[in-house]
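Peer 1: Dropping the structure in here first, questions after.
Throughout, read-outs are computed from the coordinates displayed, never taken from laboratory work. Note that the structure is a prediction, hence the values are computed from the model and not measured. In this analysis, Cβ positions are derived from the backbone assuming ideal geometry, glycine residues included, and neighbour counts consider all displayed protein chains.
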Amino acid sequence: MSGKNGRSFGKVGIGPFSWFFGGSSADQTEKQEGQADVENKQYGADSDEVAAIKAFGSDLQFLEKLRNYGAPWGGVQERLKEALPERLVDRDDIAYRLVPKAMNAVFGLRNTAWETERRPSKSGNGFTTWIVIITTGA
């Protein structure tokens, strides 16, 4: 897109952050200040996620069970949800998306340190996704 005097302008978004480019320096400063507000709000959500992952990583009893027997994805999700503030309206969705981040942070990369597998559901209808820790040699 082209602005006045043929200058380019726009917004580039990567993950939760966006950068503005082009336009006058006054426009740029105003956009950056507004963007800083958005980023600060987003950082608050990120810090909630970090705190939830830390709580998950410090739950030694849960982690030991996970190491020995595995756990349904939903079980790990619920553990993470418990550690998220109740003020978050989309705690279920946030916890669901946090599962791989938490597993990577605590155990290592997926398909190297942990993996998922489909197991028959206890209800007998369909399958449940389980998380299992990959054990290596020795």
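Peer 1: Peptides 80-86, 97-103, 54-60: what's the order by average Cβ count within 10 Å, highest mean first?
Peer 2: Averaged packing, sorted descending, gives the order 97-103, 80-86, 54-60.
Peer 1: Calculate the FRET efficiency for residue 123 and residue 50 from the Cβ-Cβ distance with a Förster distance of 25 Å, rounded to the nearest 0.05.
Peer 2: 0.10
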